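Structure record follows, encoded as structure tokens.
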Amino acid sequence: MSDAKNSLAQMEKIVSLCKRRGFIYQSSEIYGGCGGVWDYGPLGAELKRNLRTAWWNTMTREREDVLGLDASILMNPAIWKASGHVDTFADLMRECSLTNKRVRADHVEPQSGTSVSYTGARPGEVIPADKIADFIQKLDSLVKAYPHEHRNEAEQCAAVLKLPDITRSSLEAWVSAIQRNYQPTLLIREFVKDFLKPFQKQSSEPFTMLLPQGKPVESARKVAKEFYSNRGVNDPQLDDEATATVQDSRDFHPETGGMLGEARPFNLMLKTYLGPTATEDDVTYLRPETAQAIFAQFKNVFDSSRVKVPFGIGQIGKAFRNEVTPKNFTFRSREFEQMELEFFIKPDEAVEIISGEVAKWHEGADLSEPQLNWGWEMWHRYWVDQRTKFYEGIGLGDVLEYYWQTPADLAHYARACVDILCEFPFGTEELEGIAARGDFDLSAHQSASTKSQEIFDEELKNAAAKLTDEQKEALIQKRLAAEKAKTKGEPMPEAAVRAWFERLFKGNYVPHVIEPSAGLDRMALAVIAKAFSETEKIDEKGKKEVITVLRLHPRVAPIKVGVFPLLKNKPELVAKAREVYALLKKHLNCFYDETASIGRRYARQDEVGTPFGVTIDFETCGEKGPELADTVTLRHRDSGEQERVKISELLGKLLPLVS
RNA sequence: GCGGGUGUAGUUCAAUGGUAGAACACGAGCUUCCCAAGCUUGAUACGUGGGUUCGAUUCCCAUCACCCGCUCCA
């Protein structure tokens, strides 16, 4: 089996387990479902709650410098205009036919040059070598499976097939020839026909691109071939090349030269109406991210909490996006839950004034404790480190990867952004993004709302008062040079820079922000996918069976302990087991189970990731003497190890292991 | 949004233009039962809506959902 097939099968098993054991169901299933939304069943709800609590505790409660917020999903739509979401999410967009890059229909500059177009493409002859190797291997095993009386013929026709130059038309010719001549080899014919299918695909989709003055037509041919092979045409042969001179056309993507598709609204924002009249005046949106509420409430939190910069505001909540393609089970959903922190820091200039320098990041720098002289870069690295430790704490440490966005990837307002990626069966995908966003967000809200988002920093004011005019001017010159060197976005005009420093020297600034933003549903899926494991076991009768175990970290497991009386028809065992259950239940999520054999009950709990099992037997009731009385079997999921533990010592032993 | 595929008990799969089967799972019962044991027994399904037909789960159309590619950024 190929890797792709393997991981697909793996994913299907996970989806099936999730449904079967009550982790995740399709939304509205009895009505045929609802695209891109999912429901969490009893165990999924517990798992999510555990992850949510883990995040909340490590990010807010266990820290002195982060506060919580729980804002509403509905907000004044002006917030989404200020944040840029309405513009980027809901305008008329035209899509580049080559790269699917979208541009605003009203932002396309007129282009001139030579257009090259094709009416479509037919498949070529060349079949890739690896496909041929795969083909021959499968063909051989097919031939071997033939019954004896037809084996000869099958071998003969396979030999004819395996000529040194296998091309599309040689195979096609073979298929039409074999139809008449070799009846017993029909299976091979069907196999070849299936194999050929992907290489016979043609496309009548027209292609046009704009070539800048002086570029050879050959480069357009190359792009066109790529275009058609992306659409499944193998070794594309282009149809009807035509060139034309183009003057001031708005139909091509300014960067790629690709033809732009029809202008159509791309409404990623989920629109709704606030108020019963439901007129256009009442339109607002379900939030596409939780972060903006944090920015919008920044001043209130700051004013009501006696905090000083640097500090953070964390929030967990639902967000909504009209995804074009919901995908990969719960991975890309239209309704999802975010866990976001906005960590507000001083601008580097303020740090420099106060500390005399800004610490530079270098490989191996100590990130364990925040320092006064940290600028945005160190804070950014610090949060990447913190978040990594968090993922280690929920058992995901060894499947993480990092992607540091290149300057080209970055939005113009972002200074750095790291994606924390995780290995899923369907590929390595993003779990969390940690962005250094400068003061973009608060400044945007400041200018849109006309309410100041500046804070006053007494320490800064006092430090600035000690600076000489020359020192101040040096700081300003440094910033002016940095503005000039900007490659993205407009440089800040000198007058604005000087005005900004004016405020800064008085102790006033809009804080900058580091934003670790994680997806709770993705995290839950990652945890399940990582924990999913199957082993084959041969039972006493030699029957093969597949054992499924969710090796969840005890901290996130939905059920912590299974409690079992060895037999259910003995009242004393049941009574004792229920006693133990009642004792543990107050502190841990437990599951009591008395049906079926003890082995099956262990297996059931293994499948949902319960790390511990407690079994009450006759010894617990004192059958083998007083020293074993009131002891139980404690069984460990991952090792299968069993130990004898006093009931009175159970809680003390278990609690530290699950929190 | 475009292209390809799928849709039958809880799950994984069968069969069929006329009464839908299995395995596992699930419920009840028996069992001194420590890793999916055994026996007895019970409940549960043709995604939805049209059409063709005497009759459709099966054929056709539409729709919905899911999966796989192209698009990312929680």
Exercise. List, please: which pairs have Cβ atoms under 8 Å, are six or more places apart or on different chains, and start with a residue in region A:558-569 that is within 19 Å of A:GLY22 (Cβ to Cβ) and more than 6 Å from RNA strand B (Cβ to nearest atom) and end with one that is in a loop (DSSP other than H, G, I, E, B) and of a type in the set (Gly, Ala, Ser)?
Worked result: A:PRO558/A:GLY609; A:ILE559/A:GLY609
For this session: Report whether or not A:GLU459 is in contact with a Phe, Trp or Tyr (Cβ under 6 Å, 6 or more places away or on another chain) and open to solvent by 30 Å² or more (accessible area, probe 1.4 Å).
Result: no
For this session: Restrict the check to region A:433-441 and report whether at least one residue is assigned to a strand (DSSP E or B), exposed (fewer than 14 other Cβ atoms within 10 Å of the Cβ) and modelled with pLDDT of 90 or more.
Result: no
For this session: Can you confirm whether region A:447-454 contains a residue that is under 34 Å from the mean Cα position of the chain (by Cα), of a type in the set (S, T, N, Q), open to solvent by 20 Å² or more (accessible area, probe 1.4 Å) and closer than 30 Å to A:ARG332 by Cα?
Result: no
Exercise. Which pairs have Cβ atoms under 8 Å, sit 6 or more apart or on different chains, and link a residue in region A:28-43 that is within 28 Å of A:ASN589 (Cβ to Cβ) and touching a residue at least 24 places away in the same chain (Cβ under 8 Å) to one that is acidic (Asp, Glu) and within 8 Å of RNA strand B (Cβ to nearest atom)?
Worked result: A:TRP38/A:ASP521
Exercise. Is it the case that A:LYS576 is without any contact (Cβ under 8 Å) to a residue 12 or more places away in the chain and away from RNA strand B (no atom under 11 Å from the Cβ)?
Worked result: no
Problem set entry | Yes/no for A:SER28 being polar (S, T, N, Q), within 12 Å of RNA strand B (Cβ to nearest atom) and out of contact with any Cys (no Cβ under 9 Å at 6 or more places or on another chain) | no
Exercise. Residues in region A:486-498: is at least one hydroxyl-bearing (Ser, Thr, Tyr) and open to solvent by 70 Å² or more (accessible area, probe 1.4 Å)?
Worked result: yes
For this session: May I ask you to say which residue of A:SER170, A:SER141, A:SER112 is more than 16 Å from RNA strand B (Cβ to nearest atom) and at pLDDT below 75?
Result: A:SER141
Seminar exercise, completed: Going through region A:146-175 in order, the residues found to be among the hydrophobic types (A, V, I, L, M, F, W, C), outside any helix (DSSP H, G or I) and open to solvent by less than 80 Å² (accessible area, probe 1.4 Å) are A:ILE166
For this session: Considering every residue within region A:221-230, establish whether at least one is open to solvent by 70 Å² or more (accessible area, probe 1.4 Å), within 14 Å of RNA strand B (Cβ to nearest atom) and under 13 Å from A:SER115 (Cβ atoms).
Result: no
Seminar exercise, completed: From the option list A:TYR382, A:TYR403, A:TYR391, single residue qualifying as within 16 Å of RNA strand B (Cβ to nearest atom), among the hydroxyl-bearing types (Ser, Thr, Tyr) and buried (at least 20 other Cβ atoms within 10 Å of the Cβ) is A:TYR391
Exercise. When region A:1-25 is examined, which residues are found to be near RNA strand B (Cβ under 10 Å from one of its atoms), over 30 Å from A:LEU588 (Cβ atoms) and open to solvent by 50 Å² or more (accessible area, probe 1.4 Å)?
Worked result: A:ALA4, A:LYS5, A:LEU8, A:GLU12
Exercise. List, please: which pairs have Cβ atoms under 9 Å, are six or more places apart or on different chains, and start with a residue in region A:59-78 that is under 18 Å from A:VAL309 (Cα atoms) and open to solvent by less than 40 Å² (accessible area, probe 1.4 Å) and end with one that is of a type in the set (A, V, I, L, M, F, W, C) and assigned to a loop (DSSP other than H, G, I, E, B)?
Worked result: A:ASP65/A:VAL307
For this session: Test A:GLU377 against the stated conditions and say whether it is part of a strand (DSSP E or B) and either among the basic types (Lys, Arg) or open to solvent by 40 Å² or more (accessible area, probe 1.4 Å) (or both).
Result: no
Seminar exercise, completed: Flagged in region A:528-545 as surrounded by fewer than 17 Cβ atoms within 10 Å (Cβ to Cβ) and assigned to a strand (DSSP E or B), in numbering order, are A:SER533, A:GLU534, A:THR535, A:GLU536, A:LYS537, A:ILE538, A:LYS544, A:GLU545
For this session: Inspect region A:519-527 for any residue being at pLDDT 95 or above, in a loop (DSSP other than H, G, I, E, B) and open to solvent by less than 40 Å² (accessible area, probe 1.4 Å) and give the result as yes or no.
Result: no
Problem set entry | Hits in region A:610-627 (condition: more than 10 Å from RNA strand B (Cβ to nearest atom) and modelled with pLDDT under 95) | A:GLY622, A:GLY625, A:PRO626, A:GLU627
Problem set entry | Flag if A:ALA350 is open to solvent by less than 20 Å² (accessible area, probe 1.4 Å) and either on the phi > 0 side of the Ramachandran plot or within 16 Å of RNA strand B (Cβ to nearest atom) (or both) | no
For this session: Any residue in region A:226-249 that's aromatic (Phe, Trp, Tyr): show its pairings with residues that are within 16 Å of RNA strand B (Cβ to nearest atom) and open to solvent by less than 70 Å² (accessible area, probe 1.4 Å) at Cβ separation under 7 Å, as long as the two are six or more apart or on different chains.
Result: A:PHE227/A:LEU98; A:PHE227/A:PHE207; A:TYR228/A:ALA121; A:TYR228/A:SER203; A:TYR228/A:PRO236
Problem set entry | Elements of type strands (runs of 3 or more DSSP E) contained in region A:547-659, each with 3 or more residues being surrounded by 17 or more Cβ atoms within 10 Å (Cβ to Cβ) | A:561-565, A:590-592, A:612-616, A:631-636
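The values are calculated or read from the model by the stated rules, or taken from the named source; none is laboratory data. Model, not experiment: these values are computed from the prediction. Positions of Cβ are backbone-derived with ideal geometry, glycine not excepted, and every protein chain shown enters the neighbour counts. In case anyone asks, the SASA skips ligands and DNA or RNA and just uses the protein heavy atoms, side chains included. Shrake-Rupley method; radii C 1.70, N 1.55, O 1.52, S 1.80 Å.
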